[in-house]
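To start, the structure itself, in structure tokens.
Computed from the coordinates by the stated procedures, all read-outs in this text should not be read as laboratory data. What you are looking at is a predicted structure, and each value in this text was computed from that prediction instead of being measured. Using ideal geometry, Cβ is built from the backbone for each residue, glycine included, and neighbour counts are taken over all protein chains shown.
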Amino acid sequence: MTLERVLVVDPIDGEYVADLEVDPPYVVGIKKRGISSFLAIAMPGFVDPHVHGCFGLSVMDGEFSRIEERLYSCGVTGFLATTISSPMDELVGLLEKVKGYRGLSFLGIHLEGPYISKERAGAHPREFVRKPSEEEIEILKKYPEIKLVTFAPEQEGSHLLFDLRGVTLSAGHSNATFSDFLHSGLKRITHFPNALRPLHHREVGAVGAGLLLEDVNLELICDGVHVCGEMVKLIYKMKGAHRIVLATDAIPTTGLKDGRHSFAGVTVLVEEGISRTPEGNLAGGACLFPEVLKKFEKFTGATLRELAAASSYNACRELGLKDMGRIKEGTPADVVILDEDFNVKMTLKNGLIMYKKL
Ligand code: FE
């Protein structure tokens with residue numbers, strides 16, 4: 001298949017108009033056209049490290065393949081199925097389901113909680129929030145499907161999480177001080193700066209650390225609700241797009257109509273697309289990936305190349321996915337075709353058309 005006259009956006013090689021030749025699963029040829037007009041934009045498929053569900057489907061119910069399907073319509077070619085703080089037997093039950101699942105865009109599990117701070121639990125059920133124990137970490141070690149863990153590094157026993165192999169560790173739902181964060185050695189913060197100790201001028205906490213420390217990646221729910229436009233701009237200005245990882249934090253109610261819903265034992269009220277708990281806490285992302293990308297572009301004025309980094313390449317890099325997040329000869333053809341307003345026209349996974357807008 002040849003995608004003719006597309007504006008190829010690669011986070012490293014930049015932007016150019018070309019004919020893109022795809023032979024599943026790879027990009028096998030790129031013929032530069034030397035012109036500036038193009039028919040569509042071709043970006044690396046979006047990679048979302050934080051998905052609890054969408055369109056009424058829940059990760060906690062093990063609906064991986066249906067979630068994959070729906071995410072292709074959003075241009076997502078890689079995602080981490082994200083858990084919520086739960087009893088151990090429930091988590092193990094889910095991890096057992098994952099063991100037998102072979103999806104194309106399913107990259108593994110993001111364990112969000114239960115080892116988080118009760119003070120910063122947000123929508124996580126507090127009764128299941130706990131400190132890490134040796135017994136539980138020994139069980140988790142049996143599941144290489146776990147790729148990312150979000151936890152509060154200031155908690156007693158959090159050092160145990162560093163024993164997990166092949167896992168990216170991330171601070172989140174944390175009350176860490178600047179010093180707690182610095183001494184943890186962590187290089188990533190989940191849905192920055194949500195569910196963290198607020199920045200104070202005498203204790204900047206993990207928010208200050210995330211902004212100040214150059215080598216820390218910040219996951220960002222850029223839905224215009226979790227973080228306002230000015231804050232997004234501030235983060236972009238301080239860190240640059242190369243340290244930002246866009247995420248949706250989509251939950252089963254994301255993409256659904258307004259109303260009262262429930263998932264994983266939590267009641268969620270959706271009003272004007274925004275999901276909240278009955279207490280008024282934000283329960284999850286208000287937008288799907290294309291909207292997150294549009295808002296990030298609007299708030300920051302980021303270049304296409306920067307957008308490709310923040311929406312795909314940076315997440316791949318921190319998860320150790322070497323060939324992903326690029327559009328380059330010899331790499332897997334995970335490509336999202338967009339119009340000039342960033343609406344998804346087509347999604348390719350391993351060179352196969354998984355979604356096409358009619
Ligand atoms: Fe969260």
Only Lys, Arg (+1) and Asp, Glu (-1) charged, at Cβ; segment 46-324 dipole about Cα centre in debye: 600
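For the cross-link pairs Lys141/Lys349; Lys322/Lys349; Lys99/Lys142; Lys97/Lys147; Lys147/Lys345; Lys239/Lys295, which exceed 22 Å when the distance is taken from alpha carbon to alpha carbon? Spell out each step's value before the answer.
Values: Lys141/Lys349 30 Å; Lys322/Lys349 16 Å; Lys99/Lys142 10 Å; Lys97/Lys147 16 Å; Lys147/Lys345 30 Å; Lys239/Lys295 18 Å.
Exceeds cut-off: Lys141/Lys349; Lys147/Lys345.
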Using θ = phi - 60° and Karplus 6.51 cos²θ - 1.76 cosθ + 1.60, couplings along segment 336-349 (whole Hz; Gly, Pro as x): 10, 9, 10, 8, 5, 9, 6, 8, 6, 9, 7, 10, 10, 10
Mind putting a number on the dipole of segment 210-358 about its Cα centre? Charges go on the C-beta only, +1 for Lys and Arg and -1 for Asp and Glu, and I need it in Debye to the nearest 20. 320
Over all pairs of distinct alpha carbons, what does the Kirkwood formula give as the hydrodynamic radius of the chain, in Å? 20.4
Taking every DSSP beta bridge with both residues inside the chain, roughly what % is antiparallel (nearest 5)? 60
Evaluate the relative contact order of the chain (contact order divided by residue number), counting alpha-carbon pairs under 8 angstrom at least 6 apart; express in whole percent. 22
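Scale the Cα Rg of segment 1-138 by the rule-of-thumb value 2.2 N^0.38 Å and send over the ratio, two decimals. Mind dumping the intermediate values first?
Numbers: Rg = 20.1 Å, N = 138, 2.2 N^0.38 = 14.3 Å.
It is 1.41.
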Other-chain or far-sequence residues with amide H under 5 Å of Ser275's (modelled H): Ala283, Gly284
Which residues qualify? For Glu63, with a placed amide H closer than 5 Å and at least 5 residues away or on another chain, they are Ser58
Which distance in Å, rounded to a whole number, links the C-alpha centroids of segment 283-353 and segment 79-150? 25
Estimated [θ] at 222 nm from DSSP helical runs (n ≥ 4, -39500 (n - 2.57)) normalised by residues in the chain, nearest 500: -6000 deg cm²/dmol
How many nm separate the modelled label positions at Lys322 and His200, each set 7 Å beyond the Cα in the direction of the Cβ? 4.7
Which whole-number percent is the relative contact order of segment 213-358 (Cα, under 8 Å, 6+ apart)? 19
For Lys328, list the aspartates and glutamates whose Cα falls under 18 Å from its own Cα; do not include residues on the same chain fewer than 8 positions away. Glu4, Asp10, Asp13, Glu15, Asp19, Glu21, Asp23, Glu306
Roughly how many Å is it from the Cα centre of segment 189-263 to that of segment 162-179, as a whole number? 16
In whole Hz, what ³J(HN,Hα) sequence does segment 26-40 give by Karplus (6.51, -1.76, 1.60; θ = phi - 60°), x for Gly and Pro? 10, 7, 9, x, 10, 9, 5, 9, x, 10, 10, 7, 9, 9, 6
Of all C-alpha pairs within segment 306-355, those more than 16 angstrom apart amount in percent to 45
With unit charges on the beta carbons (Lys and Arg positive, Asp and Glu negative) and the dipole taken about the Cα centre of the chain, which residue among Ile67, His52, Leu352 sits farthest to the positive side? Leu352
Karplus couplings for segment 52-68 from phi (6.51 cos²θ - 1.76 cosθ + 1.60, θ = phi - 60°), rounded to Hz, Gly and Pro as x? 8, x, 5, 6, x, 9, 10, 4, 5, 8, x, 7, 4, 6, 6, 5, 3
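Go ahead and run the numbers for FRET between Glu214 and His183, Cβ-Cβ distance against an R0 of 25 Å, rounding to 0.05.
Numbers: r = 17 Å, r/R0 = 0.70.
It comes out at approximately 0.90.
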Under a 5 Å amide H to amide H cut-off, with H placed in plane at 1.01 Å, what residues pair with Tyr26 once short-range neighbours are removed? Ala333
Identify, among Thr2, Ala247, Cys222, the residue whose Cα sits farthest towards the positive end of the charge dipole of the chain, taking +1 on the Cβ of Lys and Arg and -1 on the Cβ of Asp and Glu, with the dipole about the Cα centre. Thr2
